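One structure is given here, and the rest of the page talks about it.
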Amino acid sequence: MSQQHFPDVPKIQFEGPKSKNPLAFKHYNPDEVVEGQKLRDLLRFSVCYWHTFRGTGSDPFGPGTMLRPWDDGSNSVENAVKRVGAAFEFISKLGAPFYCFHDRDVAPEGETLAESNKNLDAVAKALAEAQASTGVKLLWGTANLFSNPRFMHGAATSCNADVFAYAAAQVKKAIEVTHQLGGENYVFWGGREGYMNLYNTDMKRELDHLAKFMHLAADHAKSIGFKGQFLFEPKPKEPTKHQYDFDAAACLNFLRAYGLLDKVKLNIETNHATLAGHTMQHELEYARIQGVLGSIDANTGDLLLGWDTDQFPTDIYLTTQCMLVILQQGGLKPGGVNFDAKVRRESFEPLDLFHAHIGGMDTFARGTKIAAAIRRDGVLTNFVKNRYRSFDTGIGQKIEAGTVTFADLEKYMLEKGNPTPNESGRQEMLENIVNDYL
């Protein structure tokens, strides 16, 4: 593969925390072992194709600002293939082991489904060649079922049966290409799977259709031998006001209600957790304890802005909290840490892509090592265990074992009179302890 698009950038190396080189890792050493795994295998970093190689920097108040010399701005297959070269040069020099894409990110949409499929096949050939020459792998693929006007009412939840059929055909092809490229997961992101107003919406029917769609996808994946993990990504709003995939709890309830729990796990995103009124740690822990934490989109939002800003993660508290949960699970494989993040409109030079990803990878590496130290010393787990010790013996043990009735509990309290006094939760002390590790 030619090295022509970032000629002034060498392969990014680990130089340690004392390095002043902005094009070097200070904390991410891919060979460093944390809790029995090399960081490269534990974090499984992935570069997203849509923001990194298709983002233009446009916003509602102005056109794009990004300088991308390799991209002529056309919607041609030739330009898409050229973009592949730039993408894999970037990913290789960065040292990320994976990438992710939507079908319409990598290949232009045609006038017909047949033309779109032909375009995707042509670019998939270039992607396969680039993967073979660089060793970069596909973490997951997905289909863009939200940009084209045909999806104005949704895709799997559209009131138009033909749109449902078109979406099914598009996902069929996307799963096949993901399989051909060795993708380890396939993601469902319901960009417009929701509604704006119940006056014109049959919610039950739409949810039934969404479940039918996902079952059909699982059936097709099985028929072609795709054994990758299916992922469902929660998001509470944008672009629809009420999205059916609001948060981890809503997605889990949907999966359980429609018999999909054995087929689909969750891909949790930080900025989406914020929009749902949760912390990322909450969403991750909820998914983990239910056995459905599959992968994450690593980004962050701006709390002063009320929309999905998709910024790169630079907050060590955030990544430490994420990794406390992920390490508890033992990692995310076959999922990973995907940078669904974009450089700011003002950061328009190609070099800024390196700065952004290096910072995100270093921030997650620091969070991983801090979380591992906290877990090693047991400062949180020991406190929590002690806090719930009343359920380890006596009446608490009987409650958890299910061997008491309300009448038994009433008798117990009538005899005892009053509960054992509560103890302090020591929140501030624990926050101070975590600060000591940072």
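Remarks
- Lys, Arg +1 and Asp, Glu -1 on Cβ, resulting dipole of the range 1-135 about Cα centre, debye, nearest 20: 520
- Accessible surface of the chain, 1.4 Å probe, proportion on carbon and sulfur as whole %: 54
- Convex hull of the range 161-217 built on C-alpha atoms - directionally averaged projected area, nm²: 4.3
- Take the range 170-319 with all the other protein chains still there, run a 1.4 Å probe, and you get 43 Å² of accessible area per residue.
- With the convex hull drawn over the C-alpha atoms of the range 1-57, the volume per residue is 142 Å³.
- Range of Cα positions in the range 368-422 per principal axis (Å), largest first: 49, 24, 13
- Over the chain, dividing the summed -39,500 (n - 2.57) contributions of all DSSP H runs of at least 4 residues by the number of residues returns a 222 nm mean residue ellipticity of -14000 deg cm²/dmol.
- Note that the range 244-394 carries a Kirkwood radius of 16.7 Å, evaluated over its alpha carbons pair by pair.
- Among Leu304, Leu260, Leu275: highest mean-square fluctuation, GNM of the chain, C-alpha pairs under 10 Å: Leu304
- Alpha-carbon centroids, the range 91-131 and the range 1-75: separation in whole Å: 18
- Over all distinct Cα-Cα pairs of the range 5-112, the Kirkwood formula returns a hydrodynamic radius of 16.1 Å.
- Accessible area of Trp140 in the full protein assembly, 1.4 Å probe (Å², nearest 10): 0
- Per residue, the convex hull spanned by the Cα atoms of the chain measures out at 182 cubic angstrom.
- In this structure Val106 has an accessible area near 0 Å², from a 1.4 Å probe over the protein heavy atoms.
- Of Phe164, Phe90, Phe98, the one that fluctuates the most in a GNM where the chain has Cα springs shorter than 10 Å: Phe164
- Cα-Cα pairs of the range 279-351 separated by more than 14 Å (percent): 64
- Close amide-amide hydrogen proximity is noted between Lys265 and Phe230, Leu231, Phe232, each under 5 Å apart and 5 or more residues distant or on a separate chain (H modeled in the peptide plane; Pro and chain starts excluded).
- Listed by chain and number, the lysines whose C-alpha is less than 18 Å from the C-alpha of Lys18, apart from same-chain residues fewer than 8 away, are Lys26, Lys369.
- Remark on Asn299: its backbone amide H falls under 5 Å from those of Thr270, Asn271, a criterion applied only to residues 5 or more positions apart or on other chains, H modelled at 1.01 Å from N.
The values are calculated or read from the model by the stated rules, or taken from the named source; none is laboratory data. Keep in mind that this is a model prediction, so the values were computed, not measured. Cβ: placed from backbone, ideal geometry, glycine included. Neighbour counts: every protein chain shown. When the accessible area is computed, the model is the full protein with side chains, heavy atoms only, and any ligands, DNA or RNA have been set aside. Shrake-Rupley method; radii C 1.70, N 1.55, O 1.52, S 1.80 Å.
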